Amino acid sequence: MPFWDGQSRGDVLQSIWIMIARRLGLGLVTLFVVSLLIFAAVEMLPGDIAEEILGQSATPETVAAFRRELGLDLPSYQRYLAWLGGILQGDFGTSLANGRPISDLIAGRLSNTLFLALYAAAISVPLAISLGILVSLYRNSLFDRAVNLITLSSISFPEFFVAYILIVLLSQSGYFPSLATLSPGATFAETLYRTFLPALTLTLVVTAHMMRMTRAAIINLLASPYIEMARLKGLSPGRIIVKHALPNAFAPIINVIALNLAYLITGVVVVEVVFVYPGLGQLMVDSVAKRDIPVVQAAALIFACAYVLLNLTADVLSTLSNPRLIHTR
Amino acid sequence: MASSTPVWMILIYCTIAFGCAAACAFAFRTAVIASMPGQVSKLARSMPLSASFGALIILIYVFVALFAPWIAPFGEREVVGAQYLPWGGDYLLGTDDLGRDMFTRLIYGARNTVGIAFATTLLAFLGGAILGLLAAVVGGWIDELLSRIVDILMAIPALIFALLLLTIFGTSIVNMILVIALIDSTRVFRLARSVAMNIVVMDYIEAARLRGEGLGYLVVREILPNAAAPLIAEFGLRFCFVFLSISALSFLGLGIQPPTADWGSMVRNNATLITFGDVTPLLPAGAIALLTVAVNFVVDWMLHRASGLKE
């Protein structure tokens, strides 16, 4: 069966795969450049990292010895390759503050952070999409305006404000604990209960944005002729939105979801600090205060990788859900 | 305290607060329509209540920031009493962790936090917008180079990148301003470039080029007036982002440092009070939230107006 420009269906499918492969390749290049940037940022340090750490009182001999220990006497491209090679094998180097291997510091915390982000995503994504559908169904009503006002406000709240309000409302009255402590022996349900407040904070912060974008995507489509046709056929408004508009709105919605999950990753930093949650963000903030550069580099690299990968996933998924995107290049 | 307040009471408080806000906004709008000359009054008449509420709040903040020393009952860094005194008496909102007057520091916070955020936004905006317009007009390798640099800088999440740069250059106010201005200017660059790209292809730009006008004339006299509406709205949005990131960094203890009064670090330093059911630390956090909401309301109206006028 002929498709666009006389291409056969097989050709189109093939070009989708080629495009996805190109996107993946571009993603790899981005990851490489990001790692280069994170490494190079430290090179731009005014003065010398060894002198910076040892302080004014260090003798030239100690500085030289310390430089050798850190490998600073090697040219920078050799250090970059060694650093990258180590990371690919799971070796992030050692912390300057306490001399422990960074991979030990990160291991447990990374999974804690991922757990929190996934927990928040599991609540916020279904909530945002169903609210977005509801609001576009009753658009321009009082309900729509009220939701618009509330979401616009909650987008502009700082995370810690939302977090402390939740603590005052839900933790003071004894419903949920305000410190998200994790203990190894706790059951899954117990962990969910203890981390409920941080997850709820993140949910409130990202749901508003996702919902607004869902609404915008659906309402945008409602003006198109095939929706008009469906309306003239006498379909109910709910059916038009769910069956006719929603499938075509998936591409922008998937994009927004991925962007917000990427946002969750940075939002997690502040929320972890408020709830004293033992995650990667907390570690990073502590290390910034101590100027523990290798740990900050490692954490930044992990956060940046997750961010790049999520954006990549968004691109690929929205391409798959909408073949028309292939021809926009 | 909060532990004994039932949910329905909170709902009633919220309704009352909402009603008051709406009434204030209405009164403000009516006053502006009555007292201001033609142009402004006409503009005010088209304002929805949310936008006039936003404008009122912004005006109040500007007023407080400008006249802080005259409004505040005590000095910014003055230790006036014991730590964590309750509300009332000489100290309207009690005292903070070092015994400084909370109300005074809230007022000075308007000056410091908002002032620094404004300066940072201005810096980010000037850099981003000028480079963005330049990239669109000149095109060629300059455009390519700038766009690739911006792409790379935007591949790292903003807060994480800020934390990395602050570790390297050390935490100080000047460093924070420069780092956040750099990060946010990439976002401004993107917008300015894409807006200008749509204008550059217009016939009147072609005509101006054929007349032999220079680059400066093209950008300032031909492109800028036509790109003003989206750029002004972007300035408001950018201010919100900058303001929130500065507050977040200060809250994390990496931004504006004490003894300078700042809302983010005030929340951080007094956060222990919350565990005792005292809502004082919510006040500076609320002050941040209120201003961003206000700016967003105004920007929302402006964007709506700009898109409405086009149709």
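Please treat every number below as a calculation from the coordinates, not as lab data. Predicted model only: the values in this text are computed from it and were never measured. Backbone-built Cβ (ideal geometry, glycine too); neighbour counts: all protein chains shown.
Computed extension length for B:Ile130-B:Ser172: 12.4 nm, one decimal, from 0.36 nm per residue of separation with the Cα-Cα distance subtracted. Checking every one of the chymotrypsin sites (Phe, Trp or Tyr not before Pro) in the range B:11-74 against DSSP loop status and a limit of 16 other Cβ atoms within 10 Å picks out B:Phe67.
Our summary of shape: the Cα atoms of the range A:95-196 have principal axis extents of 60, 30, 26 Å, ordered from largest down, in whole angstrom.
The mean number of partner chain beta-carbon atoms within 10 angstrom of a residue's beta-carbon across peptide B:260-273 is 1. The calculated 222 nm mean residue ellipticity attributable to helices in the protein assembly as shown amounts to -24000 deg cm²/dmol, summing -39500 (n - 2.57) over DSSP H runs of n ≥ 4 and dividing by all residues.
Which three semi-axes in whole Å describe the equivalent ellipsoid of the protein assembly as shown, each the square root of 5 times a Cα gyration tensor eigenvalue, listed largest first? Present the calculation step by step, with values, prior to reporting the outcome.
Working: eigenvalues 281, 255, 165 Å².
One finds semi-axes of 37, 36, 29 Å for the protein assembly as shown.
Once all Cα-Cα distances of the range B:165-269 are split into 5 Å bins that start at 0, what whole-number percent is in each one? Here the calculated profile for the range B:165-269 is 2, 11, 17, 15, 12, 10, 9, 9, 7, 5, 3, 1, 0. Computed over the range B:1-127, the Cα gyration tensor eigenvalues convert (square root of 5λ each) into semi-axes of 32, 24, 14 Å, ordered from largest to smallest. Each 20 Å bin from 0 upward holds the following percent of the Cα-Cα pairs of chain A: 24, 47, 25, 4, 0. Residues considered: B:Ile183, B:Ile71, B:Ile256. Largest GNM mean-square fluctuation over chain B, using C-alpha springs under 10 Å, is found at B:Ile71.
Report the normalised scattering of the range B:109-307 as log10 I(q)/I(0) at q = 0.14, 0.15, 0.16, 0.19 Å⁻¹, calculated by the Debye formula with identical scatterers on the alpha carbons. Summing over Cα pairs of the range B:109-307 leads to -0.86, -0.94, -1.03, -1.26. Taking chymotrypsin sites (Phe, Trp or Tyr not before Pro) as exposed when their DSSP state is a loop state and no more than 14 other Cβ atoms lie within 10 Å, the longest site-free interval of chain A runs over A:176-329. Spin-label model, B:Arg211/B:Ala82: points 7 Å from Cα along the beta carbon direction are separated by 7.5 nm.
When Lys and Arg each count +1 and Asp and Glu each count -1, what net charge do the other residues less than 15 Å away from B:Asp300, Cβ to Cβ, add up to? Around B:Asp300, the charge tally is +3. Along Cα→Cβ, 7 Å out, is where each label goes; now give me the distance between the ones at A:Phe250 and B:Asp97 in nm to one decimal. Placing both labels 7 Å along Cα→Cβ, they lie 5.0 nm apart.
How much net charge surrounds B:Ala158 when only other residues with a Cβ under 11 Å from its Cβ are counted (Lys, Arg +1; Asp, Glu -1)? Here the count lands on 0. Calculated FRET efficiency, A:Met44 to B:Asn198, Cβ-Cβ distance, R0 = 35 Å: about 0.45 to the nearest 0.05.
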